[in-house]
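Report on the structure given below.
Read-outs throughout are calculated quantities, based only on the coordinates presented, and are distinct from any laboratory measurement. It should be emphasised that the depicted structure is a prediction, and the values quoted were computed from it without experimental measurement. No Cβ is skipped: glycine too gets one built from the backbone with ideal geometry, and neighbour counts run over all protein chains shown.
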DNA sequence: AGGTCTAATTTGTTATAACTAATGTGTCAG
DNA sequence: CTGACACATTAGTTATAACAAATTAGACCT
């Protein structure tokens, strides 16, 4: 009688198993029947939980076959999509070089100062594809949210370079909404240097501010990228016109 | 036995009533029970149809109260979001000046020629906010899909300027997936002239190719905009931590 | 061994039913 | 007329059941 619906409990439990690796990417999940036995709920309830995960992109389902783990970083939005995933999908090798990770105060860019008034940590990373620089990311986050954060938390290679996943799993930093701005500017000298492009080349920037469920800002992410942003879209409201 | 699920039929029927104005924005829908009687299906089926519409953003629902019509142009994606809607939300006045609408062949930009090899119509429009130019859009679409298209189909003002809605409602042009690329470039003379900005100013461009359910390209949309793109994001997979 | 058909498995759809919780409504007392 | 309370309405959750449709697995035959 806790007020939390059973399907939500099941959803969270399965999501936990996904993130813990118990259900790894590519694996086939237990059947609906098995899961409903395991959790001692009806098939309706299990289906509702699974449907949420399918809709969110974690799972895929095929009639007659079953559920498969699709990804741990579903593409839930344009920008916050995992750089690692996109590069891996293209069959190339993603990398992440940590440039700096410092506690800072004062002297903040105006976009950051607008949201935060406390001690922040700045994490600056250079994302690479097959070794060549592709994207410069700067993440500001209140120090109190990430106590003891250090370079070891950021792997330079491998499947788990997403800062969002690191923040979430290591520090339980979650966000429920975000505001993003994509703009176009000419590369400042320091940015151009790190991306290895000429100064004053036009590049894309993405600024993203994430908020928790109470509306408090959680982190600010600034991103400079060489080359375009590409992504796929699902269509509008599906309308089946009878075959 | 047509193979089309009942909930899909109900969904399409309700969507039709929404778009026809039978269920107007702000109105309260009939109750689930009423609808299940009307369509002679179970409440499960009606709920599934309604859930799709809620999820797509057309409707909202409140326990104990009912379903309400939220909007006819839900924000189903980042880029293809209605310019009109975004401007109206900010309390300003959107406009759309039709610059040209021509049948063309040959001499296509390479991005367009890559997808189409038939006679196309080019629709070029200048979107304005409070009268000042904000965005230049070029839409290429096969002529066979929009027979008899003419300037009268494009209102210069009002609530229904979205080319996507025009294509859909007037010509039944639907798409089920799309690929979008956002890039940064310096304004060419003709573009700069129309947007009333200096030549070689860095601006954002969006290229969008939409496909139907068979994978055939439906239209190509090119967009040059002054100023940044901003949008809000929903959070990642919701995880209720028991209160 | 390889291909084909059949049967079992598994998700998708739909109906019925009961209960919960939020909302709206109407009655009655003051 | 107003506020409080009880009742009806309505969406949300959950279980059970049956069948459809797609896939998989196994038996069988060549």
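Some values worked out for this structure:
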| item | result |
| --- | --- |
| Relative contact order %, the range B:1-159, counting alpha carbon pairs below 8 Å whose residues are six or more apart | 16 |
| Prolate/oblate/rounded call for the range A:161-215, Cα gyration tensor, a/c under 1.5 rounded | oblate |
| Order by protection proxy (mean Cβ within 10 Å, highest first), peptides A:194-203, B:26-35 | A:194-203, B:26-35 |
| Shielding score for A:168-181, defined as the mean number of other chain Cβ atoms within 10 Å | 3 |
| Shielding by partners - mean other protein chain Cβ count within 10 Å, residues of B:56-63 | 1 |
| Two-decimal Rg to Rh for the range A:107-210 - Kirkwood Rh, Cα set | 0.96 |
| Closest-to-axis residue of chain B (Cβ criterion, axis taking B to A), whole Å | B:202, 2 |
| Averaged over B:12-24, number of beta-carbon atoms from partner chains that fall within 10 Å | 1 |
| Whole-Å distance, taken between Cα centres, linking the range A:105-138 and the range A:4-51 | 37 |
| Relative packing of A:167-175, A:9-17, which averages over residues the other C-beta atoms within 10 Å, highest first | A:9-17, A:167-175 |
| Helix A:43-56 axis, angle to chain A major axis (alpha carbon atoms, nearest 10°) | 20 |
| Crossing angle, helix A:6-20 versus chain A [Cα axis fit, 0-90 degrees, rounded to tens] | 50 |
| Across the identical copies, how the residue A:186 labels are spaced - nm, sorted shortest first, 7 Å along Cα→Cβ | 0.8 |
| Bridge type composition, the protein assembly as shown - antiparallel percent by DSSP, nearest 5 | 100 |
| Distances in nm from residue B:215 to the matching label points in the other copies, shortest first (labels 7 Å along Cα to Cβ) | 4.9 |
| Cα principal axis extents for the range B:5-160, largest first, Å | 57, 37, 26 |
| Exam field: residue A:13 pseudo-label spacings to other copies (7 Å along Cα-Cβ), nanometres | 3.9 |
| Helical mean residue ellipticity (222 nm; -39500 (n - 2.57) per DSSP H run of 4+; nearest 500) of chain B | -7500 deg cm²/dmol |
| log10 of Debye I(q)/I(0), alpha-carbon scatterers only, for the protein assembly as shown at 0.11, 0.14 Å⁻¹ | -1.12, -1.63 |
